[in-house]
Amino acid sequence: MEWNLRGICIFVLSGFVVTNATIRKSDPMWVDLIIRYLRLAVPATLSALVGWVLLSSLPNAATELSQVTGSRWLQWTYQGEIPGFLSAAYNGLVDVFAYGGSYYNNVLWTMRPEFFGSIACFAICFFDNVKVRLAATTIFAAAALLSRHFEYECFVFGIYLREAWASGRLPSTFPLSVLLIGLVIGSQSGDAASVLGLDWLPSILNPSGKGGAPLPDRCNIRCLRVHAFSHYDQRPI
């Protein structure tokens, strides 16, 4: 899966919020799992169903739009003969978590990392000792790295940030700095290099390739992906 840095900003925030909320309460892990699944599956299913309605009404619109914009995202969308209602419902309830994708609404690829990243947060929060939690987080980071599931490193970063924040070790300038970084990362687009006339850059600096540097897309600035984490210390899972 290619990097989608807009989604990655959300994963960092989720790692922070889920960890903080789990530590603050004492529900059994199985309760946390059920609640987390429902809070992801219900909106995901509604989103898939809305996508089904739109695609059924305009079955060739994505193909036509892709010819105009050249967007690669539109290639991962059902066109022509659209599967039925039950298929869309099952996609939102099961497929997005089992396979990490949806041809009804392709941004639902984030549901799988969100769910399994949350499970990792729950497991790490099982330990009361901060040092043990940090050690478990480091083990999780190594496992994600070795298995090449790099999106889970974002949850690791979120967990580390939560522990640093809880211990009062984050500087006062941190929230603004994170907001500015999120503004740049969240505005990244895989087509940014061609839009800005920077196709000649080496692959490591070209955001159209996996691992390329984030460059702002002048047509799609997203500044709300990463917020000041201290604003979320009361937010539930």
- Got at least one residue in segment 117-133 being in contact with a Lys or Arg (Cβ under 8 Å, 6 or more places away or on another chain), among the hydrophobic types (A, V, I, L, M, F, W, C) and assigned to a loop (DSSP other than H, G, I, E, B)? yes
- Give me the pairs, please: first residue somewhere in segment 57-86 and closer than 13 Å to Y103 by Cβ, second residue anywhere and of a type in the set (D, E) and at pLDDT 85 or above, beta-carbon distance under 9 Å, and either six or more positions apart or on two chains. P59/E81
- Item | Tally of residues being under 17 Å from V12 (Cβ atoms) and of a type in the set (A, V, I, L, M) across segment 120-133 | 2
- Message: For segment 109-144, which positions are within 14 Å of F16 (Cβ to Cβ), in contact (Cβ under 8 Å) with a residue 60 or more places away in the chain and not hydrophobic (A, V, I, L, M, F, W, C)?
- Response: E114, G117, S118
- Task: Within segment 134-155, track down each residue that is surrounded by 13 or more Cβ atoms within 10 Å (Cβ to Cβ) and charged (D, E, K, R).
- Result: E151, E153
- Considering segment 116-136, residues that are within 21 Å of the chain's Cα centre (by Cα) and among the aromatic types (F, W, Y), and then whichever is farthest from S167 (Cα to Cα), we arrive at F116
- Query: Which residue pairs have Cβ atoms under 8 Å apart, sit 6 or more places apart or on different chains, and have a first residue in segment 156-184 that is farther than 19 Å from C125 by Cβ and a second that is at pLDDT 80 or above and surrounded by 12 or more Cβ atoms within 10 Å (Cβ to Cβ)?
  - Reply: L170/L161; L170/A164
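Given segment 1-115, what helices (runs of 4 or more DSSP H) lie entirely inside it while holding 3 or more residues that are within 13 Å of the chain's Cα centre (by Cα)?
Details: elements: 5-24, 29-57, 61-69, 85-90.
Fully inside segment 1-115 and qualifying: 5-24.
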- If you go through segment 146-186, how many residues are in a helix (DSSP H, G or I), among the small types (G, A, S) and farther than 12 Å from I8 by Cα? 3
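The values are calculated or read from the model by the stated rules, or taken from the named source; none is laboratory data. The model shown is predicted, which means the values in this text are computed figures rather than measured ones. All Cβ positions, even for glycine, are placed from backbone atoms using ideal geometry, and neighbour counts span all protein chains on display.
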